[in-house]
Amino acid sequence: MTSAPSALINLAAEQKSAAVTDWAARIGWVVGLLLFVALLYWLMREGWKWRGTLQGDLPELPAAPAERGEPSLTMTGRYHGSTTAGQWLDRIVARGLGTRSRAELTLTEQGVGVVRPGAQDFFIPADRVRGARLDKGIAGKVLTEGGLLVITWVHGDREIDSGFRSDRVAEHAAWVEALTHLHHLNSDTEGAR
């Protein structure tokens, strides 16, 4: 019987507390991690600026004409960015086209006006529209099939895809139809000249 109480005493005498935290090592790891994150952010920012420099030959974006005409369609939603046409990962960042923002689109017979609060507005003249389609993704944004309205247009010597998502996705089909019709009207007019 004497062995049982001595076993309990030995158990009670064993060390029960966890090792003391080495705060200097922990702070060192946290500072190192923060420096690593800051370095990654700086590298991404430099890459963004370098991409803008490489695309510096892109001309200024067209401004909306004073007389745009009567709007046939309007849409509010988000502008998700522009890419080289057909290359959904080749983002264009020059001239503010890489900045995501809220957007208000207005379609007239003159073209598509894009008003972006907090970012540079631009205008896509009707004769530069090459078509529109429903898609699921554009550089950095992937949605469900048909969740993105992509307008293909020409600016300078580049063909550009610009992606928009309406607050009411059901509007996308009407925009595709109207922009395709606008492209066909302008290509027929150019062919007649």
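Per the listing Ile9, Ile27, the residue uniquely at pLDDT 80 or above, of a type in the set (Val, Ile, Thr) and either open to solvent by 80 Å² or more (accessible area, probe 1.4 Å) or outside any helix (DSSP H, G or I) (or both) is Ile27. Before we move on, is Asp167 surrounded by 18 or more Cβ atoms within 10 Å (Cβ to Cβ), among the charged types (D, E, K, R) and in contact with a Ser or Thr (Cβ under 7 Å, 6 or more places away or on another chain)? No: the conditions fail for Asp167. Every condition in (1) open to solvent by 80 Å² or more (accessible area, probe 1.4 Å); (2) at pLDDT 90 or above; (3) under 30 Å from Gln110 (Cβ atoms); (4) not hydroxyl-bearing (Ser, Thr, Tyr) is met by Leu43 except one, and the failing one is (3).
The values are calculated or read from the model by the stated rules, or taken from the named source; none is laboratory data. No experiment lies behind these values; they were computed from the predicted model shown. Cβ coordinates were reconstructed from backbone atoms using ideal geometry, including for glycine residues, and neighbour counts include every protein chain displayed. Remember, those area values only see protein heavy atoms, side chains included, never the ligands or the DNA or RNA. Shrake-Rupley method; radii C 1.70, N 1.55, O 1.52, S 1.80 Å.
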